[in-house]
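Read-outs: derived from the displayed coordinates by stated rules, not from any lab. Please read all numbers here as calculations on a predicted model, not as lab measurements. Backbone-built Cβ (ideal geometry, glycine too); neighbour counts: all protein chains shown.
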Amino acid sequence: MKILAVASHPDDIELGCWATLKKLEPEVSCIERFVYGQGRGTPSDQKFDRIALKDVIQEIETRIYSIKPDVVFTHYAYDLNRDHRIISEATMAACRPVPGCPVKEIYQYEVPSSTEWSEKTFTPNTWVEVTDFIDKKVNVLLAFYTEMRPPPHPRSYDGVRALSVYRGQQVGVLHAEAFICVRRIWT
């Protein structure tokens, strides 16, 4: 099995699905990351809407047909962050279920301080227990210290940990990451 995680900014995968990817790592042959933008303070940050959506879709399609992932993770379609919504939309278009498309599963992840502030509530239908990985996730986020905020902000280290506890409580484990399964094809 191959996995592709698609994101707008360098810290999005770490915030949204890093622990899940780390947990799945021993079970899959390949985990690839595709980060479209460069993050805060760069010329393209919060300006993806100035790029033709077709161009974004084509870049993601190129990755998909090169890597041939079975599973794709991307942003929640209704995130408050416009760049996140554009990447989610482009990923869904790139993963159209046409003959030859290798993608069998698509999951949307949440990004603290973007997803929960959306006008549409993120209602997960898939959880991954990540208790053994949450401390490592928080440590990985130290590399993105300029993107993190002090508590009680949701994008604080405490906020990330609290979200994993909350998602875990929803399914009876100590820590979890939650997703919306958009598509899952069993063959």
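A few notes on this one:
- Among residues of region 123-156 being part of a loop (DSSP other than H, G, I, E, B) and hydroxyl-bearing (S, T, Y), the one that is surrounded by the fewest Cβ atoms within 10 Å (Cβ to Cβ) is T123.
- Taking the criterion of being buried (at least 20 other Cβ atoms within 10 Å of the Cβ) and within 17 Å of D12 (Cα to Cα), the residues of region 161-180 that qualify are L163, S164, A176, E177, A178, F179.
- Scan of region 59-92 for residues that are of a type outside the set (D, E, K, R) and not in a helix (DSSP H, G or I), ordered by number: P69, V71, V72, F73, T74, H75, Y76, A77, Y78, L80, N81
- Filtered residues of region 62-77 (kept if more than 14 Å from K104 (Cβ to Cβ) and under 13 Å from the mean Cα position of the chain (by Cα)): T74, H75, Y76, A77
- Test set (1) of a type outside the set (D, E); (2) surrounded by fewer than 20 Cβ atoms within 10 Å (Cβ to Cβ); (3) part of a helix (DSSP H, G or I) - T187 fails condition number: (3)
- Among residues of region 93-109, those that are farther than 15 Å from A77 by Cβ and assigned to a strand (DSSP E or B), counted: 1
- Any hit, region 51-63, residues being in contact (Cβ under 8 Å) with a residue 40 or more places away in the chain and within 20 Å of C181 (Cβ to Cβ): yes
- Contact annotation: residue pairs with Cβ atoms under 7 Å, 6 or more positions apart or on different chains, pairing a residue in region 121-148 that is free of Cβ contacts under 8 Å to residues at least 60 places away in the same chain with a partner that is charged (D, E, K, R) and part of a helix (DSSP H, G or I), are W127/R167; V138/R161.
- Test: residue in region 66-75 that is closer than 22 Å to R149 by Cβ and among the aromatic types (F, W, Y): no
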